[in-house]
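Peer 1: Take this structure first; my questions come after.
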Amino acid sequence: MIFERPELLALAPLAAILFAFTVGAHWRRLRTLATAYELTALRRLLPTSPGRFPTQRFLCLVSAGALLGLAAAGPVLWDPEPPEPVPPLDIAITVDLSLSMNA
């Protein structure tokens, strides 16, 4: 496998790390809310428990970030066939240097 833009391969781990930080920050914010407010009120408002770390969401987002970074590099599974060579053109250039051209 080759990549059209191999310099963009660095985006794969960077995107995964960015998504991991966002999930972690979101979880910390939910824990702060849980300590500031009643847990029963938050359970009514939130789809998940604020005390439990969202492991499935974390794994999905980190793998999606890594795959997005790989896709940005443009993977190519096989080398394209080289184009067929163009037949050469036969060109003849003539220059008339006779004295009759000096008139």
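Peer 1: Suppose we filter V95, V62, V23 for residues that are under 30 Å from M1 (Cα atoms), β-branched (V, I, T) and at pLDDT 85 or above; which single one remains?
Peer 2: Numbers: V95 fails: under 30 Å from M1 (Cα atoms); V23 fails: under 30 Å from M1 (Cα atoms).
Going through V95, V62, V23 in turn, the sole match is V62.
Peer 1: Would you please name the residue that is nearest to F21 (Cα to Cα), looking only at residues in the range 35-81 that are in contact (Cβ under 8 Å) with a residue 24 or more places away in the chain and of a type in the set (D, E, K, R)?
Peer 2: R57
Peer 1: Counting only residues that are surrounded by fewer than 11 Cβ atoms within 10 Å (Cβ to Cβ), give me the helices (runs of 4 or more DSSP H) lying completely in the range 1-81 with at least 3 of them.
Peer 2: 11-36, 39-45
The values are calculated or read from the model by the stated rules, or taken from the named source; none is laboratory data. Here the structure is a predicted model, which means the values were calculated and not measured. Backbone-built Cβ (ideal geometry, glycine too); neighbour counts: all protein chains shown.
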